[in-house]
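The values are calculated or read from the model by the stated rules, or taken from the named source; none is laboratory data. Predicted model only: the values in this text are computed from it and were never measured. When we count neighbours, we look across all protein chains shown, and the Cβ atoms used for this are built from the backbone with ideal geometry, even at glycine.
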Ligand SMILES: Cc1ncc(COP(=O)(O)O)c(C=O)c1O
């Protein structure tokens, strides 16, 4: 009898739900991380070009955030505070006001929601509906806003929508900037349909938009398009909600992804890198006149993740108190573009997508993009795809990644792409 060599399933395979995802393609047992690098149980080093899907914009275990958190815990600081006043929340709000909102002339109130991006989006949509008394929300092709029912209704992705198990409604989908090839301006389309009494679109409570569609394939809207969307929203009595959950907190080169576009959104959603340390934290920024929820009308047990307030305060004071970090981001984005061009040159018709430190390559094939990421992972690079066909290799390295580590990561990506292309050429010749 041949010996049974079926490997024993791991605890993850035996017990963790089939809903797990990233760990399927990257099955290492990760045990520690620092900056832009992870280590697994065998001591193997990985360069991180995923950064917790933009939740670790300042890298893993920033020493100043870590020290402040350890001090807070060691001093019996409040760990969980519902939405009670705590010193940690007050200190965060003061830092956010001083270094982020006030310098940008934003008078928005800060509403803490449950600690996920989806919860912030739910709250934003509900606020707009309450303010306007309307239910319809305009969202865009390839937009991704989370997977709870309200946010999922606004999400375009067919796979995720399929998981809802119910009709997702009260959202009208419109084509995002650049959705059609050629010169079609999809804002014209939206404006015409909303202005036509027989256009068939119910008057919207809000227009919900990402300035760069992170999950949708790094589609970057033109600033002029976003400005028009803002004007259309105003003209039609709808609020403008910018979902900055993935594109915000420095990812596109400025704290908010929209701040150089000349628009002031009525509502902004933030989560992911807000805590700076990878801790769950989300909030909604809302213009004072739209701050309409009564006490606990949109509540949540974990609105006061005090540990996240501590690290978020340090992140803001460390990186956003002056413009040196932001200036460094512009230099790094240029390095990223040049390196991506080298990789894209290996693949016929590949093209660069995104902006700032939220860029990638449309490989024109989901299979190819997936294979490149799998090969890169085997060589020690954590990287993922996005897009409607998963055809975009997306680089979301920590914004703090040293230039040398960025280069090492790109050398891996170059090798992986070269190997994948060589295989294809070989197979075609057989
Ligand atoms: C733009 C955007 N909005 C909302 C979400 C949902 O955030 P979460 O996964 O924390 O619920 C995401 C997640 O990727 C996102 O990219």
Within 18 Å of residue 381 (Cβ to Cβ) and either out of contact with any helix residue (DSSP H, G or I) (no Cβ under 9 Å at 6 or more places or on another chain) or in a loop (DSSP other than H, G, I, E, B) (or both), is that true of residue 28?
yes
Report yes if some residue within the range 136-150 is away from the ligand (no atom under 11 Å from the Cβ) and over 24 Å from residue 228 (Cβ atoms); otherwise report no.
yes
Of the residues that make up the range 118-135, is at least one within 16 Å of the ligand (Cβ to nearest atom) and in a loop (DSSP other than H, G, I, E, B)?
no
Only listed residue being assigned to a loop (DSSP other than H, G, I, E, B) and either within 26 Å of residue 127 (Cβ to Cβ) or in contact with a strand residue (DSSP E or B) (Cβ under 8 Å, 6 or more places away or on another chain) (or both), chosen from 178, 182:
178
Pull up the range 79-93, narrow it to residues that are part of a helix (DSSP H, G or I) and without any contact (Cβ under 8 Å) to a residue 40 or more places away in the chain, then point me to the one that is farthest from residue 107 (Cα to Cα).
87
Considering the range 159-175 alone, what residues qualify as being more than 16 Å from the ligand (Cβ to nearest atom) and under 20 Å from residue 225 (Cα atoms)?
172, 174, 175
Against the condition out of contact with any helix residue (DSSP H, G or I) (no Cβ under 7 Å at 6 or more places or on another chain) and crowded, with 19+ Cβ neighbours inside 10 Å, how does residue 116 come out, does it pass?
yes
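Please tell me if residue 167 is part of a loop (DSSP other than H, G, I, E, B) and at pLDDT below 95. First the steps, then the outcome.
Values: part of a loop (DSSP other than H, G, I, E, B): yes; at pLDDT below 95: no.
So residue 167 fails the test.
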Exactly one condition in (1) over 15 Å from residue 316 (Cβ atoms); (2) more than 16 Å from the ligand (Cβ to nearest atom) is not met by residue 93; state its number.
(1)
How many residues are more than 11 Å from the ligand (Cβ to nearest atom) and either closer than 13 Å to residue 268 by Cα or assigned to a strand (DSSP E or B) (or both) when one looks only at the range 242-254?
1
Quick one: would you say residue 308 is touching a residue at least 24 places away in the same chain (Cβ under 8 Å), in contact with a strand residue (DSSP E or B) (Cβ under 7 Å, 6 or more places away or on another chain) and buried (at least 20 other Cβ atoms within 10 Å of the Cβ)?
no
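Each row is one residue, and each column tells you yes or no for (1) surrounded by fewer than 17 Cβ atoms within 10 Å (Cβ to Cβ); (2) touching a helix residue (DSSP H, G or I) at 6+ places or on another chain (Cβ under 6 Å); (3) more than 23 Å from residue 221 (Cβ to Cβ).
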site: 131; (1), (2), (3): no, yes, yes
site: 138; (1), (2), (3): no, no, no
site: 153; (1), (2), (3): no, no, no
site: 158; (1), (2), (3): yes, no, no
site: 174; (1), (2), (3): no, yes, no
site: 183; (1), (2), (3): yes, no, no
site: 189; (1), (2), (3): yes, no, no
site: 197; (1), (2), (3): yes, no, yes
site: 200; (1), (2), (3): yes, no, yes
Which one of 282, 328 is touching a residue at least 12 places away in the same chain (Cβ under 8 Å) and under 24 Å from residue 55 (Cβ atoms)?
282
Has the range 320-328 got at least one residue that is touching a helix residue (DSSP H, G or I) at 6+ places or on another chain (Cβ under 7 Å) and closer than 18 Å to residue 91 by Cα?
yes
The listed residue being within 15 Å of the ligand (Cβ to nearest atom), part of a loop (DSSP other than H, G, I, E, B) and under 28 Å from residue 321 (Cα atoms), out of 156, 114:
114
Out of (1) within 14 Å of the ligand (Cβ to nearest atom); (2) closer than 24 Å to residue 286 by Cβ, what's the single condition that is false for residue 203?
(1)
Is there a residue being part of a helix (DSSP H, G or I), closer than 21 Å to residue 378 by Cα, under 24 Å from the mean Cα position of the chain (by Cα) and within 16 Å of the ligand (Cβ to nearest atom) anywhere in the range 36-50?
no
Among the residues of the range 217-234, is there at least one that is modelled with pLDDT of 95 or more, within 15 Å of the ligand (Cβ to nearest atom) and part of a strand (DSSP E or B)?
yes
Got a number for residues in the range 255-282 being within 11 Å of the ligand (Cβ to nearest atom), over 14 Å from residue 100 (Cα atoms) and part of a loop (DSSP other than H, G, I, E, B)?
4
Residues being within 21 Å of residue 85 (Cα to Cα) and not in a helix (DSSP H, G or I): count how many of those fall in the range 303-321.
3
Here is a list: 72, 60. Which entry is within 20 Å of residue 315 (Cα to Cα) and over 20 Å from the mean Cα position of the chain (by Cα)?
72
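For every residue, the table says whether it meets (1) touching a strand residue (DSSP E or B) at 6+ places or on another chain (Cβ under 6 Å); (2) surrounded by fewer than 16 Cβ atoms within 10 Å (Cβ to Cβ).
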| site | (1), (2) |
| --- | --- |
| 325 | no, no |
| 344 | yes, no |
| 348 | no, yes |
| 353 | yes, no |
| 358 | yes, no |
| 368 | no, no |
| 375 | no, no |
| 401 | no, no |
| 409 | yes, no |
